[in-house]
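First comes the structure, then the notes that go with it.
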Amino acid sequence: EALDILLKLKNELKSEKYSSIIIPIHLNLGKLFISQGKVTEGLEKLDDAFVTISSSSEEQDLPIIDLGYSCLMQACEILSEKSDDENPIFFEKLLDLHSKLCMYTIPSQGMLCKAKIMEALGRAQLNSGKSEIAIGNFTEAIDIYRELINIGDHSSEISNLSDLIEANMSCI
């Protein structure tokens, strides 16, 4: 309800000053919907936030973009924890949303976010029997983690993914 009021105010006053309030509400609603199992609605709210970011005439500040990456990682974690919702399509949508944010800037958090999504997408594809595609996504995640090694230690993620690839080579 608060979001609807803010959107009406923004549209009536033709002002962008409410964007800094509207974007976090969209992001939080998206995460909330996803955590409640309403994944499609949650992904739509995340998409709405990124549309608001792109339509804002103000200079995009890094805290909003960092918040977007953080919400994508949290949504990915929530989906990964819910084994019944581990659908490759949901992770592909997260990857599409990540691409929208990449138009502005790709900080190390954005690269880490992409690696986590690629890893989760690979796991979902592996569970749905698409092992060849999954291995490609795992490999891309490992490459991103290798790029990030100088920034932080991601060797455990690389090791885990390498083990997962090796264990599933017989499927390919």
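The values are calculated or read from the model by the stated rules, or taken from the named source; none is laboratory data. Small disclaimer: the values here were computed from a predicted structure and weren't measured. No Cβ is skipped: glycine too gets one built from the backbone with ideal geometry, and neighbour counts run over all protein chains shown. These area figures cover heavy atoms from the full protein model, side chains too; ligands, DNA and RNA do not enter into them. Shrake-Rupley method; radii C 1.70, N 1.55, O 1.52, S 1.80 Å.
Would you confirm, using the coordinates I've provided, whether residue 141 is in contact with a Cys (Cβ under 9 Å, 6 or more places away or on another chain), at pLDDT 85 or above and either open to solvent by less than 70 Å² (accessible area, probe 1.4 Å) or over 24 Å from residue 90 (Cβ atoms) (or both)? So residue 141 does not fit the description; no.
Can you find, within region 46-80, the residue that is farthest from residue 118 (Cα to Cα) among those that are charged (D, E, K, R), within 14 Å of the chain's Cα centre (by Cα) and at pLDDT below 90? First the steps, then the outcome.
So in region 46-80, the residues charged (D, E, K, R) come out as 47-48, 58-59, 61, 66, 77.
If we keep only those that are within 14 Å of the chain's Cα centre (by Cα) too, we end up with 47-48, 66, 77.
Checking the rest, the ones that are also at pLDDT below 90 come to 48, 66.
Numbers: 48: 22, 66: 18 Å.
Result: 48.
Every condition in (1) at pLDDT below 90; (2) out of contact with any Pro (no Cβ under 9 Å at 6 or more places or on another chain); (3) aliphatic (A, V, I, L, M) is met by residue 133 except one, and the failing one is (2).
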